[in-house]
1. Simple spin-label model, 7 Å along Cα-to-Cβ: Asp135 to Ala251 in nm?
2. Hey, can you find the accessible area per residue of the chain for me, probe 1.4 Å, expressed in square angstrom?
3. How far, in degrees from 0 to 90, does helix 690-721 lean away from the longest principal axis of the Cα atoms of the chain, to the nearest 10?
4. At 7 Å along the Cα-to-beta-carbon direction for both Ala733 and Asp101, put a label point, then send me their distance in nm to one decimal.
5. Given a Förster distance of 56 angstrom, what is the FRET efficiency for Tyr239 paired with Lys562, based on the Cβ-Cβ distance and rounded to 0.05?
6. Could you sort out which of Lys519/Lys752; Lys711/Lys744; Lys620/Lys744; Lys459/Lys562; Lys117/Lys210; Lys459/Lys536 sit more than 21 Å apart by Cα distance in this structure?
7. How large is the charge dipole for the chain, taken about the Cα centre, if only the Cβ atoms of Lys, Arg (+1) and Asp, Glu (-1) carry charge, to the nearest 20 debye?
8. Kindly express, to the nearest 10 degrees and within the range 0 to 90, the angle between helix 35-58's C-alpha long axis and the longest C-alpha principal axis of the chain.
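The values are calculated or read from the model by the stated rules, or taken from the named source; none is laboratory data. Note that the coordinates shown come from a computational prediction; the quantities given were computed from them, not determined experimentally. So basically every Cβ, Gly included, is an ideal-geometry build from the backbone, and we count neighbours across all protein chains shown. For accessibility, only protein heavy atoms count, side chains too; no ligands or nucleic acids. Shrake-Rupley method; radii C 1.70, N 1.55, O 1.52, S 1.80 Å.
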Amino acid sequence: VDFVVSIYCGKIDAVEALLLQIIASDTMASHPALLPFIESRQTRHAYIDRTQTLLSALTSQDHDDITILTLPNIESTDERRPTSTYIIRPPSPKELAVLLDPQQCNCRLSDESSSIKLMYRAAGNGEAPSMATWDVSSSLKEQVRNCCFGGSVIIGLLLDGPDAVIVDTRHKNIANMIGISNNGLIQNSILEPGCAIHNNSEVSNTHVMKYAAIIGCGSLTCTEESVTKSSKSCAFDMYNGSMDVEVGPEAGGGRVVNVNVESTMVDVCHALNIDSNGGTSAPLVQFDTKTAGGVVMNVLCPHSSILHTPQTNHVQLLPHSSIDSATSVSSALLLPESTIKNGCTVSHALLQWNATLTSQSDAHHVFLMERSEVGPHSFTANTIYGPDSHVSGGEVHCTIFGPNANSHHQSLLIGILWPLGRGNVGYGSNVGSNHTGRIPDQETSVGEGTFWGLGCVIKFPVDLTSSPYSIIAAGVQLPPQRIQLPFSLITDGPGGMNQLTPGWLLHYSPYTIARSEVKFANRRTAKRHDFYTGWKILRAGVMDLLVDARDALLFPKVESAKVFKGEKAIVGLGANQLTEKGRQIGIRAYTDAIQRYALRGLLQRLVELCNSQKELTLAKALRHVGLDGVVNAYHSKEGALAPSKSVVDWPVLPWNEASHTDPEALWKHQHSILMKEIPSIIRNGNGNDTLSQLLQKCIALENDHAVRVYKSKSRDDVRGAATVPGYKDVHIAAENDSVVLAAKEVADAVTKEVQLVEEALGGTSLRSRL
């Protein structure tokens, strides 16, 4: 052995990785929820470090050198030790003759300058020097055939002794195809022992690790020119896993956000200053991106694969990710279990865990977060997809498509800022009228849970961020405006002006809200993002919006009108009209929701007190919930304030609300709401029956909510049975519906909890009033 180099590089333990990253950068947050993102980055870099190490051995100036490398084992399931020693050396004259013999391997070199090196594992870390001169001609004959090699290439070989390991049954088909055969040209590549490279036209500048596969492909390349072009185009950086995505206006400006493949929606909103109203309290994934690194090579990590794809350029595939039967893929980074498949054309893409681009979709400058999916037949560019989102059959451009948002039909979204998602886009929706005739520089900011009805047309700019869970009915044309009335229904109205019913969802369709709470919880499969995506619909921030909306309805700018038209009549009405009946519906719907939220907090606080203490007095209970001293609260002159002109700003994001993770902060907010609502709840009496009236109101509101949930579902049953033959036979009746039953169970539970409080307080007067 003329020259020996011993190098250790590779994956770092997750805890060590966290410590090293914190030491390296003061900006790194150490929140436990960020550990999967930190570990992902460290793993990516470890694989690239492995590539750099092997590339150094490949490009060694002395082609007669024998290099011995100690590398970490990249397979945890079938290895007995953490590291293995590999021998990398030129083939002996006999081995080269076997490689080029038409009767044996039947390979050839593209020209005389081509350099071949063999790589195989030593039986033990101390046996490498003695194995460096082994004759591996038989392994060459078994594993390599019918290939042309050019430039510098490492050919990895499995040996019977050192590589007698357990085959991963999950990928046994590829494992059974280990070897290198029938390739038109392989050049400047590293093919580790145990990879599968078959039936490809060209494989160049590519590192393929154990159990990774390239099968039936056209051209798989990576050039300095393509890497530089991607960097100039959108700051694409494979080593840091980052690139620029331009959302909002298509032209005449733009909101450019530099996303990282480990970013969350919290990071995206922070980068775009969407959290400006109150700042951010959720943890941010922040890495030191000043570190330069990377290689001009495609990198396929263990168990990744590129199959039957005509053109691939500048990609890194983490374990168990794949590109399968795509049309063309360039500048793409895929985290584990993600895939690009079935005729897709993709450029400049970052895919998180289990993300999917599928079925003849075109995607350019896109970032897909965990469990998001684009396809089939979608066209998308400059778009960020939140976790658990899904688009199929439509066009999405310059958009933030938030968590749990769905567009399952042919539709159009352009310039949409929808960071909270949770909504739906109906067939034929045209949410993309962003061109003024001068320049396509308009955009729309969308509230959480917005439903875009069939064939609606949205003319920009529009802001619905303060009107969450609103429905734009089928066929509605929405002119430019700002609406601040949550849970509203917007329909065609008389006189060419749309009609808005505030709080419609709360009053007429609470089933939708109750079902959505369950639906979002069940469909929240992106577990790495779970620390911020599990917010409630009726939470503190939404209650603040309801309070503002109710105040606007209570104090219209125009008095004694049968129909209120536009922003000049009611703050937040936008370019719509509202009937007096609709105004009263909104006031009641908002008031009931506000008071139900506050009273449920009060009840929970009292139940916790009763469960923790055996002897309890009314005075102590009132003091515990902050109601002592409000004997004459119902005589207070305080009430709603007439709204002033609305401030154009984003609402506080749910993960930045203090109550998102802090129960005490939630109760503090509920208490503050309760104190403002007491004057409208307490009718007559003295301080001793304040608590009884509040608890009675809580029961009444919860029972009313359960009845409304039932009625909203029952209406569909009645209409359907009267319209469609056999409707009853194939639909679940309201009385058997799980959402309806759950609402009834909650109402019953509230009654029992009030009885628990009553018994704990032990007062007959309180009991009689309840």
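1. 7.1
2. Details: 31710 Å² over 770 residues.
Here the per-residue accessible area is 41 Å².
3. Here the helix axis deviates by roughly 70 degrees.
4. Those two pseudo-labels are separated by 8.3 nm.
5. 0.30
6. Where the Cα-Cα span goes over 21 Å, the pairs concerned are Lys519/Lys752; Lys620/Lys744; Lys459/Lys562; Lys459/Lys536.
7. Computed charge dipole of the chain: roughly 2900 debye.
8. 20
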